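The structure under discussion appears below in the form of structure tokens.
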């Protein structure tokens, strides 16, 4: 269990630094250029970096171990942030590629970290709840904290804080890697029933082929893509249009709605940890999301919109945790990094398409119609969820039947 918490703590420090350095760089560029474009382009750069990593992830996994890539990418992220601090030029030409590289390296770390969970923890629902809930809590706290530090001290000071957090994350990651290497043989023996039949490396093409051929991976990945597309209706930029055109309230409610949305996600993680349930409610939570989207899009007042945010945040979090749990349960741990990397690429591409689509539609049609479309996409995700759960039930019954025949 100590290895699980070492990995988790390294993630906490890295994620805190990720949030803080972005706040610092947005402020730094805006002050230097006076242009809102510099700030607006950051999410695009981050998304491009994460997407690009998926195409070379499999190649590097063939060359190096998971442990090496996890530690090396964190070291490089720290070095890049040091470079930004000691480079006096606050230019998008310098900062833009640096942010791209950090996001690119993040694209290696995240699939590997997710793939470690079934190796390190027996209760996957609980583990995923802890990981996602705690990381979202950090994100919720770090953005306002970063803004306070920038306004009271300076952007440069915040960057230095981010570097310190990266250094701590690197030290904890190094300790984790050391532990994993010391007992890697025992871990492999404990987990692998037919070790010789499972290859430990795949190319990008082989990863795609595997996901398409394995029903759990394919259904899971298609669901993730559809969810990503639907979830873009809940991003902050669309919220702002919704607040000004539908609710006709002050812009302060933009932050309030976002806060309630995030708090609901964190609270649902805490509830799942306490309940410790094994029951899968992916399809039910997907149906709840359809209802929440309609409620939000046609909310008669801001308080009804808050209620819809609370419902959607909880439903999405439960579903996200259980989708991860399904993948970690039914996919071999040696395949998981490749499946997660491909899913990450699919997710970011779908998110980009959704962001552009809903952003464009919010300028062309009524915002209520945008949320009606989002509800239809969420309904597609609900159908996919039912199909996934039905297949998992068939799979479980088949395993139980084979076990009974073997015992008999």
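Values in this text are rule-based calculations from the coordinates and carry no lab data. Keep in mind that this is a model prediction, so the values were computed, not measured. Quick reminder, even Gly has a Cβ in these numbers, built from the backbone with ideal geometry, and neighbours come from all protein chains shown.
May I ask for the distance between the Cα centers of the range 208-229 and the range 109-185, given as a whole number of Å?
Here the answer is 27 Å between Cα centres.
To the nearest Å, what is the center-to-center distance of the range 376-393 and the range 60-80, using C-alpha atoms only?
36
I need 380, 61 ordered by Cβ neighbour count within 10 Å, fewest first.
380, 61
For n ≥ 4 DSSP H runs only, could you compute -39500 (n - 2.57) per run for the chain, divide by its residues and tell me the 222 nm figure to the nearest 500?
-29500 deg cm²/dmol
Only counting other Cβ atoms within 10 Å, I'd like 22, 149 sorted with the fewest neighbours first.
149, 22
Applying a 10 Å radius around every beta-carbon, put 93-99, 321-327 in order of their mean neighbour count, most first.
Top of the packing list down: 321-327, 93-99.
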